1. When you look at I277, is it within 16 Å of the ligand (Cβ to nearest atom), of a type in the set (V, I, T) and under 11 Å from the mean Cα position of the chain (by Cα), yes or no?
2. Mind checking whether some residue in region 59-80 is touching an Asp or Glu at 6+ places or on another chain (Cβ under 9 Å), farther than 27 Å from D180 by Cβ and at pLDDT 95 or above?
3. Restricting to region 64-82, what's the tally of residues that are acidic (D, E), part of a helix (DSSP H, G or I) and in contact with a strand residue (DSSP E or B) (Cβ under 9 Å, 6 or more places away or on another chain)?
4. Report the residue count in region 26-55 for those that are within 12 Å of the ligand (Cβ to nearest atom) and of a type outside the set (F, W, Y).
5. What residue, among those in region 131-166 that are without any contact (Cβ under 8 Å) to a residue 60 or more places away in the chain and not in a loop (DSSP other than H, G, I, E, B), is farthest from the ligand (Cβ to nearest atom)?
6. Out of all the residues in region 229-248, which are in contact (Cβ under 8 Å) with a residue 60 or more places away in the chain and either away from the ligand (no atom under 12 Å from the Cβ) or over 30 Å from K157 (Cα atoms) (or both)?
7. Find all pairs meeting these conditions: Cβ atoms under 8 angstrom apart; at least six residues apart or on different chains; first residue within region 23-34 and among the basic types (K, R); second residue more than 7 Å from the ligand (Cβ to nearest atom) and not in a helix (DSSP H, G or I).
8. Suppose the filter is more than 15 Å from the ligand (Cβ to nearest atom), in a loop (DSSP other than H, G, I, E, B) and in contact with a Pro (Cβ under 9 Å, 6 or more places away or on another chain); does G223 pass it?
Amino acid sequence: MAFEIVATGRAVPPHRITNDELAKTLDTSDEWIRSHTGIGNRHIADELTATSDLAVAAAREALQMLVDQDKSLGGSVEAAVESLDAIIVATASPDFFGFPSTACLVQDRLGAKKAAAMDVVAGCTGFIYGVETAAGMLSIRQDRKRALVIGAEILSKITDWKDRSTCVLFGDGAGAVIIDKTDAPSSGPGKRGLLRSILGADGSGGDYLIMRRGGTRNPYKQGETLDQPPHIEMNGRAVYNFAVKAVTDTMEQLLKEEGLSVEDLTRIVPHQANARIVQAAAKRLGIPEEKFFLNIEEYANTSAASVPIALDELNRAGGLKKGDLIMTLGFGAGLTYGGNLIVW
Ligand code: ACO
């Protein structure tokens, strides 16, 4: 039994903001942002757009790709939607905090009547957790065969736009993959799909990336006047140090457990939080930087959406071929970390 990614999609809002545009209203500069993060632009959603809107748009792209490939669907996106057994949305910026889940909103909008639907909340590592969760859901029942896994965020609506140490970093977007349970082997000769995942957490660092208000720890009180909407607070230096270690440790462990070396990897697709984190990890492990796929210059940090957006961009550009060995890597709020090793 194997869990193979058979289609990908992505959606980002059309409105694109450059560093220079940000610097018109904020004490920052294109030079600072590029040299400290590698970010050049970010796509920002308009007032009416919510996370599920981007998630549905990315899902539709992936479903169309599936229909174009899978002739048994007879060219029908509706048939592709009906074939979904599970929908997982990884997000830290849902349409509604608590409930309903963003996945349920997506399930309804797509009309995926038989699909189970749930959100995964694991910060920027959410998509990595989502892929492993989907494989688990498909493996446990024989009649579950196909899952849609989406990473979707509108971080711009939970960002303090006066805080230059966070607001320059984030962008909005969604990426989606469709995972099929197939008869191919997941180990040994001819192995395909998801080979292995590492999922980890260190809750002691929860304070380093946090939205303090609005939950049951610090609820809003009746009559209280809000001086600020709920927003991301981050200890950038602490997250940076955690991220470099998490990325290097996850890479080393995944390769070791699977008996592989870096040379076996076709491409590494890391969470796009800061180009310097990737450069530091590459240096530590002696890996050429070109092995890592980076698109942070265009999209900034889209949290749980960054890995599936990158996968779709690579896939549509012909950068992922059948049999390629891909490693995804994530780290973020929680704190969480993880990676998936996938034969494309
Ligand atoms: N423009 C100009 N100057 C700035 C800006 C800005 N946008 N932001 C901070 N500075 C200033 C600071 O005020 C400070 O000035 P000072 O020396 O006069 O005090 C100086 O730049 C250096 O600040 P540092 O915070 O030390 O800068 P650093 O080199 O650590 O870079 C950064 C900060 C980019 C945030 C880095 O720490 C980082 O990338 N951390 C990881 C963040 C991350 O990966 N988050 C991912 C998870 S997100 C999620 O899960 C939702």
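1. Numbers: within 16 Å of the ligand (Cβ to nearest atom): yes; of a type in the set (V, I, T): yes; under 11 Å from the mean Cα position of the chain (by Cα): no.
Spelling it out, it is not the case that I277 is within 16 Å of the ligand (Cβ to nearest atom), of a type in the set (V, I, T) and under 11 Å from the mean Cα position of the chain (by Cα).
2. Scanning region 59-80 turns up no residue that is touching an Asp or Glu at 6+ places or on another chain (Cβ under 9 Å), farther than 27 Å from D180 by Cβ and at pLDDT 95 or above.
3. The first filter runs over region 64-82 and keeps only residues acidic (D, E), leaving 68, 70, 78, 82.
When the remaining residues are screened for being part of a helix (DSSP H, G or I), the result is 68, 78, 82.
Keeping just the survivors that are in contact with a strand residue (DSSP E or B) (Cβ under 9 Å, 6 or more places away or on another chain) gives 68.
So the answer is 1.
4. To start, the set of residues in region 26-55 that are within 12 Å of the ligand (Cβ to nearest atom) comprises 26-39.
From what is left, the residues that are of a type outside the set (F, W, Y) are 26-31, 33-39.
Qualifying residue count for the region: 13.
5. I140
6. P229, P230
7. R34/G40
8. Working: more than 15 Å from the ligand (Cβ to nearest atom): yes; in a loop (DSSP other than H, G, I, E, B): yes; in contact with a Pro (Cβ under 9 Å, 6 or more places away or on another chain): no.
So G223 does not fit the description; no.
The values are calculated or read from the model by the stated rules, or taken from the named source; none is laboratory data. Note that the coordinates shown come from a computational prediction; the quantities given were computed from them, not determined experimentally. Cβ: placed from backbone, ideal geometry, glycine included. Neighbour counts: every protein chain shown.
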